[in-house]
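What follows is a short report on a single structure.
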Amino acid sequence: MGARMSRSRGRRTAVKTSTGARSAASRRFEPALTRSVTAGWLLPVLILLVLSCLVLMALVTSPQGRPVRLVPGAASSTQTLVCGGGIPGTQLVTTATPAGAAAAPDQPMVISGEVAGEDRKFASQWAQGPSSFAFSTCPEPRADWWVIGAGGSQTHPSRMVIDNPRSGTAIVDILALSGSGPVAAPGLRGITIDPGQRLVVDLAQMIPSASDLALRVRATRGLVTVTTIEEWSHTVIGKPRSEWVPGQPAAARELVITGLPPQTKRASLIVANPTDSEVIVKVLAIGSSGTLAPKGAANLSVPAASVGTLDVSSAFDGKPIALKLLSESPVSATVRSVVQGDQTYGQVATGFAGSSQMGLPLGAQSKVIVSSLGRSGQLQVQAFDQTRQPLGEPISRTVDAGTTLAIDLPAGAAAVRVSGDSPNLVSGLFALHGKGASSGAFQPPAEVSGRPKVLPGW
């Protein structure tokens, strides 16, 4: 595995972690030796226990008189973001660096620090080539990742980079699926990644496959981030183009893919089925006038433990769109589309009420794509320049039930904040830059274990 996988040490900025300890004790009680002994001590003990419970309830009572419970790990004041890089000329825009700052080649940038309330940090990376454009938000570490659409062929090689930004050792397993089923490859289980280090997996060598791959990275210990860089060309001798293949959240029975272009001549839905039985995936297009099944692409059958693809080009009519997938078993998915000869990947997004921020590629024509999955909702969009000053007044829109709309961002925007009043709203980003295009998705803040949270009621 030494020639196929490599580890390198990254650099970090102000990383702060917190640890906690919890103790537990157990005791073994012997039965009473005689009835007289039992009768002598049992009653006083019961009285003492009752009095103790009453005192405890009095101490842990809310101002309204309701009991409360302590829930460890329900809130946190520390946030960590990792920009994996890996594409030459990568630039960053974060809350900790100037917009357009250059990233170090083949080294992660770790941004970590204290946050207060909804004032979360953000970080994004982008790279522009002669005929391509790549963009990706920088995620927070988590234990479960899916990467859909990566390649292991000569015309579609990919590198998967797994970073461990935390102070403890991480242990990960990698599962690979293809169009013909699971891909057997040695050395993909029980991989140890030391603190502050990264693992680079060359998929063309480790998991050669002519079809699209679906890879699951699961940390059995610690939390990690996954960055996947693909290089693709239409022919063997064609000039390669680079793109980040987004890491998707855990598989689910209902998925919404956003950040899609309004129009494309080629769009493929790629679905991974990790279960041991065939699944039928229902496809719905959430468009500007309602939610309908795309013509000729209403369903996709995916065999057990494999990857399926479906041409969904008919769903793109020049208007804003998102795709909704329904399945009886959990699946993971993406949409690969071609815009101006450049590939871009749609991303699975989660609806949430509240705010989310994203750094933007400088010089791009960017628009926020928002869909309502249930009742109508209100969305507010505020763009910021490179100095974090607002660009004009906030833009407010009403998103009708079961529809998708687009909001153009002003020129010079380096960051954007979206705020919604309903968990039915799902938001993404689509950007054009030179001869390329790319996408992103607004996600709710990740919950990281930290300080205990006091919840009313039992």
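The values are calculated or read from the model by the stated rules, or taken from the named source; none is laboratory data. The structure displayed is predicted, hence computed values, not measured ones. All Cβ positions, even for glycine, are placed from backbone atoms using ideal geometry, and neighbour counts span all protein chains on display.
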message = Give me the residue from the range 367-417 that is within 16 Å of residue 354 (Cβ to Cβ) and of a type in the set (Val, Ile, Thr) and, out of that set, surrounded by the fewest Cβ atoms within 10 Å (Cβ to Cβ).
response = 381
remark   = Over the range 270-312, the set of residues free of Cβ contacts under 8 Å to residues at least 24 places away in the same chain and aliphatic (A, V, I, L, M) is 292, 293, 298
task = Would you point out the residue of the range 207-235, among those that are over 17 Å from residue 180 (Cα atoms) and among the aliphatic types (A, V, I, L, M), that is surrounded by the fewest Cβ atoms within 10 Å (Cβ to Cβ)?
result = 223
message = Going by what's in this entry, would residue 382 be described as in a strand (DSSP E or B) and over 21 Å from the mean Cα position of the chain (by Cα)?
response = yes
query = Taking strands (runs of 3 or more DSSP E) that do not extend beyond the range 267-376, which have at least 3 residues that are under 18 Å from residue 442 (Cβ atoms) and modelled with pLDDT under 95?
reply = 354-359
key: Selected residue (criterion: surrounded by the fewest Cβ atoms within 10 Å (Cβ to Cβ)) from residues of the range 100-119 that are over 23 Å from residue 444 (Cα atoms) and small (Gly, Ala, Ser)   = 102
request  = Return a yes/no flag: does the range 279-286 have any residue that is among the β-branched types (Val, Ile, Thr) and either loosely packed, with under 14 Cβ neighbours inside 10 Å or more than 29 Å from residue 428 (Cα to Cα) (or both).
outcome  = yes
ask   = Residue check, residue 132 against (1) surrounded by 20 or more Cβ atoms within 10 Å (Cβ to Cβ); (2) under 22 Å from the mean Cα position of the chain (by Cα), all met but one. Which one?
value = (2)
ask   = For residue 260, are the conditions met, namely being at pLDDT 95 or above and buried (at least 23 other Cβ atoms within 10 Å of the Cβ)?
value = yes
task = Could you pull out the residue among 99, 127 that is part of a strand (DSSP E or B) and of a type outside the set (Ser, Thr, Tyr)?
result = 127
request  = Of the conditions (1) part of a loop (DSSP other than H, G, I, E, B); (2) at pLDDT 95 or above; (3) not hydrophobic (A, V, I, L, M, F, W, C), residue 187 clears all except one; give me its number.
outcome  = (2)
task = Would you tally the residues in the range 143-194 being over 19 Å from the mean Cα position of the chain (by Cα), surrounded by 15 or more Cβ atoms within 10 Å (Cβ to Cβ) and over 28 Å from residue 343 (Cβ atoms)?
result = 3
ask   = So which of 392, 420, 374, 354 is under 23 Å from residue 121 (Cβ atoms), of a type in the set (Gly, Ala, Ser), out of contact with any Phe, Trp or Tyr (no Cβ under 9 Å at 6 or more places or on another chain) and in contact (Cβ under 8 Å) with a residue 12 or more places away in the chain?
value = 354
task = Give the residues of the range 196-217 that are outside any strand (DSSP E or B) and of a type outside the set (Gly, Ala, Ser), sorted by residue number.
result = 203, 205, 206, 207, 208
note = For residue 413, the lone unmet condition from (1) touching a Pro at 6+ places or on another chain (Cβ under 9 Å); (2) outside any strand (DSSP E or B); (3) among the aliphatic types (A, V, I, L, M); (4) modelled with pLDDT of 90 or more is (1)
ask   = Can you name every residue in the range 84-100 that is within 17 Å of residue 414 (Cα to Cα), modelled with pLDDT of 80 or more and not β-branched (Val, Ile, Thr)?
value = 91, 92
key: Residues of the range 102-124 satisfying the condition of being in a loop (DSSP other than H, G, I, E, B), without any contact (Cβ under 8 Å) to a residue 24 or more places away in the chain and farther than 20 Å from residue 226 by Cβ   = 117
Checking residue 330 against (1) crowded, with 17+ Cβ neighbours inside 10 Å; (2) under 22 Å from the mean Cα position of the chain (by Cα), the condition it does not meet = (1)
